[in-house]
Amino acid sequence: MKKKNTNLRFQHNHKQSITKTIPVGKKQCLTIERLSHDGRGIVKLQDKTWFVAGALPQEEIEARVMSSQSQWVNAKCERIITPSPLRQAPLCQYAGICGGCELQHIPYDEQVQLKQSSVIDQLQRFSSIKITHWQPPLVGEPFGYRRRARIAVRFDEKTKTLHVGFRAAFSQQIVPIKDCLVLTAPLQQLLQKLPTCLNALNAPHNLGHIELFDGDHTALLVRHIKPLTDSDIQQFQLFCKENHCQLWLQGKDKPTPFDETQALQYSLSFETKPLHLNYQMGDFIQVNASINQQMVLQALDWLTIQPNDTILDLFCGLGNFTLPMATQAKKVIGVEVVETMVESAKNNALNNNLNNTVFHQADLSQPITGKTWTREKLSAIVLDPPRDGAIQVIKQMGELDTNRILYISCNPATLARDAELLTKQGYQIIKAGIIDMFPQTSHIETMVLFER
């Protein structure tokens, strides 16, 4: 018999529950019904939908209210009364405290299934599309994958204490972190040693935050709100020398390497030859090197590029897809909104001896009518948009005139919206599969191939 939800610390007024919010900090006993697309437990109680972080279906739990509105409550699981058979003990000691990983209490195979179910649910909710045959998901190591991290730093003037770590879930407080299991091994080592370095600074109140990068080289970026003292710069130099990483600094201007001869780089491996892509601090790169490699290879496989093909790569960034496609196609045109990334993409093509690429700067959230690259005879289009999707381009797809579109999405809701518009223009989904770029989190990537 299903247990009824009972109030532990306050009494609900059914008539007021729709119009009044529930005080933050109040507790409620709940029996979770299902999971949301981002892995939170969901239950309906007195005309309010509760979203509970860290809870699983069929669990009886005690939840603490973090925020609420007239129709919903955002809460976190404080105590498990009756656990789900699905629940596992998180490997990370900071799980549930740090705001980074939301799904460590769920077995990894179930995480992947949850993400695919979430994409299916969003497609059904926001479109009329039903995908019956999914390709196997792209998965990798569930830990040790993340090659970029932002470390929060705050100096408490009252206590003269430096706080170093990650932001806590549901707050801006800093959780001191000694080890982060999702980081790559080189970044884990830097993270473990970093607090000692920072606590040795003469003026730690000048710091904003620290960023760590891992690729062909590791790097440490110091963002400072005031100029660093000479002694503190020397301290960072010594730390980077001892740990074999580059030092980058950023004040009010763009990030710059302390040694101007240094550059950041990551590689993509292929049977013919590897590709090396340089990037700047602040440029977008995929944080999971192994999955990025798999994703690019799958894109090449699905597109079945022919030697005479001309391909348009929209939202091309540094050339993550452009350059690999250029090793197989006659011509690849990359379009990107960020001017500095367009220049980086051009240089990456040059450095990899790919002379069959052309790059343009354009804001793809605006109409594309009249752009020179819209007049090309295209064999295929690749779309890798941000979370907002590619609605403006999709609306004008008729001007681009191609029969094949490869769409890589990081937001199931905008994917559903854009896919619906494409089907109305005569395109059909040929293949679809999820990409688990961010294990232990609710973030989802999806690759879809359309043809007409």
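Selection within the range 94-110: residues that are in a loop (DSSP other than H, G, I, E, B) and without any contact (Cβ under 8 Å) to a residue 40 or more places away in the chain. The member of this set that is farthest from Leu181 (Cα to Cα) is Pro107. For the structure I just gave you, tell me whether Lys160 is under 27 Å from Ala432 (Cβ atoms) and either surrounded by fewer than 21 Cβ atoms within 10 Å (Cβ to Cβ) or out of contact with any Cys (no Cβ under 7 Å at 6 or more places or on another chain) (or both). No, not satisfied. If you go through the range 153-180, how many residues are in a loop (DSSP other than H, G, I, E, B) and in contact with a helix residue (DSSP H, G or I) (Cβ under 9 Å, 6 or more places away or on another chain)? Within the range 153-180, residues that are in a loop (DSSP other than H, G, I, E, B) and in contact with a helix residue (DSSP H, G or I) (Cβ under 9 Å, 6 or more places away or on another chain) number 5. Taken over the range 119-152, residues that are assigned to a loop (DSSP other than H, G, I, E, B), surrounded by fewer than 17 Cβ atoms within 10 Å (Cβ to Cβ) and among the charged types (D, E, K, R) amount to 2. Lys3 meets the stated requirement of being modelled with pLDDT under 90 and either farther than 28 Å from Cys180 by Cα or outside the structural domain of Ala413 (by TED's automatic domain parsing) (or both).
What residue, among those in the range 340-388 that are among the basic types (Lys, Arg) and in a loop (DSSP other than H, G, I, E, B), is farthest from Trp302 (Cα to Cα)? Here the answer is Lys371.
So that you can scan it fast, the table gives a plain yes or no per residue for (1) modelled with pLDDT of 95 or more; (2) buried (at least 21 other Cβ atoms within 10 Å of the Cβ); (3) of a type in the set (Lys, Arg):
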site: Glu260; (1), (2), (3): no, no, no
site: Thr272; (1), (2), (3): no, no, no
site: His276; (1), (2), (3): yes, no, no
site: Gly282; (1), (2), (3): no, no, no
site: Val287; (1), (2), (3): yes, no, no
site: Ile305; (1), (2), (3): yes, yes, no
site: Asn308; (1), (2), (3): yes, no, no
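Results for (1) assigned by TED's automatic domain parsing to the domain that holds Gln298; (2) without any contact (Cβ under 8 Å) to a residue 12 or more places away in the chain; (3) out of contact with any helix residue (DSSP H, G or I) (no Cβ under 6 Å at 6 or more places or on another chain), shown as yes or no for each residue.
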position	(1), (2), (3)
Leu318	yes, no, no
Thr327	yes, no, yes
Glu343	yes, yes, yes
Leu350	yes, yes, yes
Leu354	yes, no, no
Thr357	yes, no, no
His360	yes, no, no
Asp363	yes, no, yes
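Among the residues in the range 206-219, are any in contact (Cβ under 8 Å) with a residue 24 or more places away in the chain, touching an Asp or Glu at 6+ places or on another chain (Cβ under 8 Å) and either surrounded by fewer than 17 Cβ atoms within 10 Å (Cβ to Cβ) or at positive phi (or both)?
No, because not a single residue in the range 206-219 is in contact (Cβ under 8 Å) with a residue 24 or more places away in the chain, touching an Asp or Glu at 6+ places or on another chain (Cβ under 8 Å) and either surrounded by fewer than 17 Cβ atoms within 10 Å (Cβ to Cβ) or at positive phi (or both).
Among residues that are among the aliphatic types (A, V, I, L, M) and surrounded by fewer than 17 Cβ atoms within 10 Å (Cβ to Cβ), Ala89 is included.
The values are calculated or read from the model by the stated rules, or taken from the named source; none is laboratory data. The model shown is predicted, which means the values in this text are computed figures rather than measured ones. Cβ atoms come from the backbone with ideal geometry, glycine included; neighbour counts cover every protein chain shown.
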